[in-house]
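K.L.:
Below: one structure in structure tokens.
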Amino acid sequence: MGIKSFQGSRKQQQSTNEQVALKVKDYMTTNLITFKPDQSVQEVVESLIKHKISGGPVVNNQRELVGIISEGDCLKQLSESRYYNMPLEHDNVEKRMATDVETIDGNMDVFDAANKFLQSKRRRFPIVENGKLVGQISQKDILKAALQLKGENWNSKTKK
């Protein structure tokens, strides 16, 4: 009989986990610094430094995601501009951005998103709905969600 009781307890625990499902869209950043394809790389560098970010999405005039530009992309341009003796302001985002952008579904569970971060080695994923950029989730956002879950759920389980 003790085993049946244990199994009942596990079933109850599983239903609790389902109720606490945390979605990416609840933790994504929606107030994003974005860039345009025709912006100069110099403008991007200035913005990255000013806002203390390491990269950002590139969108067209319809707010459709067309790429990502990062510090690394800017560093590569800086290195090449020195080699070819070309000023930084002569290059634009479209020439330097990454265009094979992996996105993430806003309805994805944060734990699945954490696994996706681990597998991809990326720092952030854009979230697109109906073709438009609506937000971005970072590794730090996932950690914040986990802390909230710990406070609301894990502690309450240990008290029972």
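The values are calculated or read from the model by the stated rules, or taken from the named source; none is laboratory data. These numbers were taken from a predicted model, which means no experiment stands behind them. We place every Cβ from the backbone using ideal geometry, glycine too, and count neighbours over all the protein chains shown.
K.L.:
Condition first: closer than 23 Å to Val59 by Cα and touching a Ser or Thr at 6+ places or on another chain (Cβ under 8 Å). Can you find one or more residues in the stretch 100-118 that meet it?
P.N.:
Yes, the stretch 100-118 contains at least one residue that is closer than 23 Å to Val59 by Cα and touching a Ser or Thr at 6+ places or on another chain (Cβ under 8 Å).
K.L.:
Which one of the conditions (1) surrounded by fewer than 16 Cβ atoms within 10 Å (Cβ to Cβ); (2) within 24 Å of Leu78 (Cα to Cα) does Gln39 fail to meet, given that it meets all the rest?
P.N.:
(1)
K.L.:
Residues in the stretch 112-124 that are touching a residue at least 60 places away in the same chain (Cβ under 8 Å) and out of contact with any Gly (no Cβ under 8 Å at 6 or more places or on another chain): how many? Even if it seems obvious, please write down each step before you answer.
P.N.:
Looking only at the stretch 112-124, we keep the residues that are touching a residue at least 60 places away in the same chain (Cβ under 8 Å), and these are 113, 123-124.
Of the ones still in play, those that are also out of contact with any Gly (no Cβ under 8 Å at 6 or more places or on another chain) are 113.
Residues that pass the stated criteria total 1.
K.L.:
Continuing with this model, one more query. Kindly establish whether Leu48 is of a type in the set (A, V, I, L, M), under 17 Å from the mean Cα position of the chain (by Cα), assigned to a loop (DSSP other than H, G, I, E, B) and modelled with pLDDT of 90 or more.
P.N.:
Considered against the rule, which asks whether it is of a type in the set (A, V, I, L, M), under 17 Å from the mean Cα position of the chain (by Cα), assigned to a loop (DSSP other than H, G, I, E, B) and modelled with pLDDT of 90 or more, Leu48 comes out as no.
K.L.:
If I filter the stretch 69-77 for residues that are at pLDDT below 95 and either over 22 Å from Ile49 (Cα atoms) or of a type in the set (Lys, Arg) (or both), do I get at least one hit?
P.N.:
Yes, because at least one residue in the stretch 69-77 is at pLDDT below 95 and either over 22 Å from Ile49 (Cα atoms) or of a type in the set (Lys, Arg) (or both).
K.L.:
Considering the stretch 51-78 alone, what residues qualify as being crowded, with 17+ Cβ neighbours inside 10 Å and over 19 Å from the mean Cα position of the chain (by Cα)?
P.N.:
Cys74, Gln77
K.L.:
Are any of the residues in the stretch 139-154 touching an Asp or Glu at 6+ places or on another chain (Cβ under 9 Å), at pLDDT below 90 and either more than 20 Å from Lys23 (Cβ to Cβ) or not small (Gly, Ala, Ser) (or both)?
P.N.:
No, that holds for no residue.
K.L.:
Another question, if that's okay. Could you list all residues from the stretch 104-146 that are touching a strand residue (DSSP E or B) at 6+ places or on another chain (Cβ under 8 Å), outside any helix (DSSP H, G or I) and under 16 Å from Gly55 (Cα atoms)?
P.N.:
Once the filter is applied, which keeps residues that are touching a strand residue (DSSP E or B) at 6+ places or on another chain (Cβ under 8 Å), outside any helix (DSSP H, G or I) and under 16 Å from Gly55 (Cα atoms), the stretch 104-146 yields Arg123, Arg124, Phe125, Pro126, Ile127, Leu133, Gly135, Gln136, Ile137, Ser138.
K.L.:
Within the stretch 86-102, track down each residue that is exposed (fewer than 15 other Cβ atoms within 10 Å of the Cβ) and either modelled with pLDDT of 95 or more or out of contact with any Phe, Trp or Tyr (no Cβ under 7 Å at 6 or more places or on another chain) (or both).
P.N.:
Once the filter is applied, which keeps residues that are exposed (fewer than 15 other Cβ atoms within 10 Å of the Cβ) and either modelled with pLDDT of 95 or more or out of contact with any Phe, Trp or Tyr (no Cβ under 7 Å at 6 or more places or on another chain) (or both), the stretch 86-102 yields Met86, Pro87, Glu89, His90, Lys95, Ala98, Thr99, Asp100.
K.L.:
Being within 17 Å of the chain's Cα centre (by Cα), surrounded by fewer than 15 Cβ atoms within 10 Å (Cβ to Cβ), at pLDDT 90 or above and within 27 Å of Glu129 (Cβ to Cβ): is that true of Thr34 here?
P.N.:
For Thr34, the condition - within 17 Å of the chain's Cα centre (by Cα), surrounded by fewer than 15 Cβ atoms within 10 Å (Cβ to Cβ), at pLDDT 90 or above and within 27 Å of Glu129 (Cβ to Cβ) - is not met.
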